[in-house]
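**Q** Below is the structure I would like to discuss, written out as structure tokens.
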Amino acid sequence: MLQQSRYKASEEVDFVIIGSGAAGGVLAKELSTNGFRVVVLEQGPYLTEVGFTHNEIAVLKHHQLTNHPELQPTTFRKTPQEQAKRQPALVYGRMVGGSSVHFTANYWRFHEIDFVERRKVGPISGTGFADWPITYADLEPYYTKVEWEIGVSGLADASPFDPPRSKPYPMPPLPVKSGGVIFERAARKLGWHPFPAPMAILSQARPGRSACVQCGFCESFGCEVGAKSSTLATVIRMAETTGRCEIRPNCYVHRIETNANGRVIGTAYFDEKRVAHLQKAKAVVVCANGAETPRLLLLSANKQFPNGLANSSGLVGKYLMLNSGPSAMAVFEHPLNDYKGVAVSRVLHDFYELDPQKVGFYGGGGLDARFDLTPINFALNGYDMGGLPPGTPRWGKEFKAALAHNYTRTLEIVSHGTSLPVESNSFSLDPDLQDAWGLPALRMTYKDHPDDLKLGAFLRDRIMELLDVANAVQKWASPVEEQTFAYHLLGTCRMGNDPKSSIINADHRAHDVKNLFLCDGSSLVTSGRGQPTETISALAYRAADRITALAGRGDI
Amino acid sequence: MSESVSRRRFLAQGAAGVSAVWVSAHWPALMAAAQHAHQAAKSATPPKFAFFSADEAKEIDAITSRIIPTDETPGAHEAGVLYFIDHGLTTFAVDDQKTYREGLPELRLRVAEMFPGTSKFSELTPEQQDEVLHSFDDQNQRGRQRRLRTSPGAQNFFETVRQHTVAGFLIAPDYGGNQDGAGWKVIGREHEYMFQPPFGYYDKGYPGWEVASKEEMKEAEKK
């Protein structure tokens, strides 16, 4: 942590940014660089590289880096008609840097089609399927900017399906793994087009940051050598260097306060000791993720905004999209040792844009070859779970023998696909359950659209086809089933030109509140094909430009 | 496959279900437990247990030795899992004390019921021990849906010991972990922090990335 500027809560700063993840970190850097005084309120702790470990129990079981299901309980139901039951419904990074610290680091741009698919495909019943108010071309400069600024490894033009780009990647792809080679060879035999995975992990060192050392603890973990290009390892440090940005950790924002004119005046939060504060600001940018952003707006309801802030449309929290994607695992004859290196080294996009007329459903997706199970997760196989084949004994001699044989020989192929925006799929406030701070808990309502499940079955079949050609000794697929747990939190405060069908405009400004901006996964209008982080960060760079321009015109 | 759960959901449920086992724990305490396990296993004098009586320790050692048995390679016993659990129960896994307190008498009763004449699990033959554990485990599987919703204190005894055993066997040795990296040797994981390609059999001799030909690329785009 750098020496930071410090602001008093009573001091009105230019911007309060809520959340420091893939969007909040970028906005903090951009806005402070542009001369604004910025306070970032982050719910989680301020950890740095020395605080990260390979410790599975601390990270995976004790939720060291993520939301805590005991302190922050959630409920789930499939439809609004059901009574929601308490169960873990989502995971997100809860620390400075947010989910960009613990994510797998797959870094895909959205393609042109993702922004204009509605007009191409037409309406889909039971959905609020819509086009974006911006296009790929509007976002392209920001995709390039984020790739170069944070450091992304990849090979431009290696995929025939890649969207146009103004610059290649700033550094070459990371080394291929055995799983990547198996995937590449099998895919080519099938006439498909595998390519080196674009990853937000350094293949070449940058000042103050090591190149990847291939330790293999990317997914769910913080990078100990600064090679993963989280906002923590990159733009947040740049923000602090400006001398105008304070990153304030352990601050749980529970309310955005407005005045009689309907303008935001600041944000109320609890500090680590649960002491209440109000940070005053000229404007607020909420980057709290696709679950916590709508929750905060709903928690901020008052007389003037009885349905929640920025919610005249009634759509805050709705049109949640999780991305769909079954996976399959396989065991090969020889050791792959895919526990080494970054999770993913090869991907393919041959099924990114499927023709609904031909396949009979809407959707598309990509495939990747990966191994991301840590030893304990691999071994605690439970009931057809973890890394061992279904039916493997859970203890005893055969269990041990399976571990000994399979751990180095196992590969997983994961699909990443579209989710359609269904209005009832949502985050809302649970009327019965409260979190450890006494605030209404998050309630998730989700039922995959039938097309999402058809896509899942299609992608699973392609995975099994690939594993056949790859001569896997043994292979098994996860079932295609309705999802009950969220990793990607998308679409819940979506962008659009019409205040009746969207929450924010193309400048990320709330239609209803002039000095309130929202930017994170909630802004997305469509789900893309499963890897949203680059788009979230690119949107944040663009939003910072728009907000700066508005401020320059005195229009905030 | 009504009981089957996708891998992603497993990670989620792992976080939920297993957290019940490990709840309220702090990492420093866990490290201390693992280091304690090292020292205890290395010590020539019989170690003092923090939680178990000497008799109970024998029973737990016997259970963990059936979960990950010793054969031509080390098992839970050699990895010092007993000491890992013992220390854990007074530190990071203190919430599981009740599970062990209630589970050990339950174990005695079960042993006596199944093999009249003794109540000590550790005195049974390995085959008999497995029979006892299966009786716990089968019950556990039937009760799964209910169990997942119950409080940490009501966690099934055998399932808790199983999870603790696997964790004590495979936890990263750098943080204390499995004695002499025994668990990682068994699964073939090299104990290094940095790796270099080639990583495995299939990427050895990889010729390097070749972009598909222009014709192939055009053909692909048309599809």
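Every number in this text was worked out from the coordinates using simple rules, so none of it is lab data. Only a predicted model underlies this, so the values are computations on that prediction, with no experimental measurement involved. Cβ atoms come from the backbone with ideal geometry, glycine included; neighbour counts cover every protein chain shown.
**Q** Add -39500 (n - 2.57) for each DSSP H run of 4 or more in chain A, then divide by its residues: what number comes out at 222 nm, to the nearest 500 deg cm²/dmol?
**A** Details: 12 runs with 120 residues, N = 556.
Rounded to the nearest 500, it is -6500 deg cm²/dmol.
**Q** Which value in nm describes the separation of the simple spin-label points at B:E113 and A:T48, placed 7 Å from the Cα toward the beta carbon?
**A** 5.8 nm
**Q** Here's another thing I want to ask about it. Is any helix in chain A, taking whole DSSP H runs, at least 20 angstrom long along its axis by alpha carbon and on average at least 0.0 on the Kyte-Doolittle scale, and which ones? Don't skip to the answer; put the middle values down first.
**A** Details: long enough: A:450-469 (29 Å, 0.09); A:533-552 (28 Å, 0.34).
Passing helices, by number: A:450-469, A:533-552.
**Q** Work out how much length B:D55 to B:D71 would gain on full extension: take 0.36 nm times their residue separation and subtract the Cα-Cα distance, in nm to one decimal.
**A** 3.3 nm
**Q** Per-residue Cβ counts within 10 Å, from other chains only, averaged over A:405-415: what number is that?
**A** For peptide A:405-415, the averaged partner shielding equals 2.
**Q** Go ahead and run the numbers for FRET between B:H134 and A:V359, Cβ-Cβ distance against an R0 of 41 Å, rounding to 0.05.
**A** On the way: r = 47 Å, r/R0 = 1.14.
About 0.30, to the nearest 0.05.
**Q** Same structure again: With the dipole of chain A worked out from charges on the C-beta (+1 for Lys and Arg, -1 for Asp and Glu) around the Cα centre, which of A:H277, A:T144, A:M171 lies farthest toward the positive end?
**A** So the residue we want is A:H277.
**Q** Still on this structure: Taking the Cα centre of the protein assembly as shown as origin and charging only Cβ (+1 Lys, Arg; -1 Asp, Glu), how large is the dipole, in debye to the nearest 20?
**A** Numbers: 83 positive and 88 negative charges, 323 e Å.
Taking the Cα centre of the protein assembly as shown as origin, the dipole is about 1560 debye.
**Q** Right, something else. Work through the residues other than B:A76 whose Cβ is under 10 Å from its Cβ and net out their charges, Lys, Arg +1 and Asp, Glu -1.
**A** Local charge sum for B:A76: 0.
**Q** Still on this structure, please answer the following. Quick one: work out the % antiparallel among DSSP beta bridges in the protein assembly as shown, nearest 5.
**A** If I count the DSSP bridges inside the protein assembly as shown, around 70 percent turn out antiparallel.
**Q** Related question: Decide, for region A:393-481, between rounded, prolate and oblate: order the square roots of the alpha carbon gyration tensor eigenvalues as a ≥ b ≥ c, take rounded if a/c falls under 1.5, and otherwise choose prolate if a/b is larger than b/c, else oblate.
**A** oblate
**Q** Report the local net charge at B:L89: Lys and Arg +1, Asp and Glu -1, summed over other residues whose C-beta lies under 12 Å from its C-beta.
**A** Values: positive: B:K98, B:R101; negative: B:E56, B:D86, B:D95, B:D96.
So the environment of B:L89 carries a net charge of -2.
**Q** Sort out the exposed loop trypsin sites (Lys or Arg not before Pro) in chain A (DSSP loop, at most 13 other Cβ within 10 Å) and tell me the longest stretch that has none.
**A** A:9-272
**Q** Around A:E11, what is the net charge, scoring Lys/Arg as +1 and Asp/Glu as -1 over all other residues with Cβ under 15 Å from its Cβ?
**A** Working: positive: A:R6, A:K8, A:R37, A:R244, A:R248, A:K280, A:K282; negative: A:E12, A:D14, A:E246.
Net charge in that neighbourhood comes out at +4.
**Q** Report, largest value first, the span of the C-alpha coordinates of the protein assembly as shown along each principal axis, in whole Å.
**A** Taking max minus min along each principal axis of the Cα atoms, the protein assembly as shown gives 87, 65, 53 Å.
**Q** So, one more: Can you tell me how region A:36-135 classifies by the Cα gyration tensor, rounded, prolate or oblate, using a/c under 1.5 as the rounded cut?
**A** oblate
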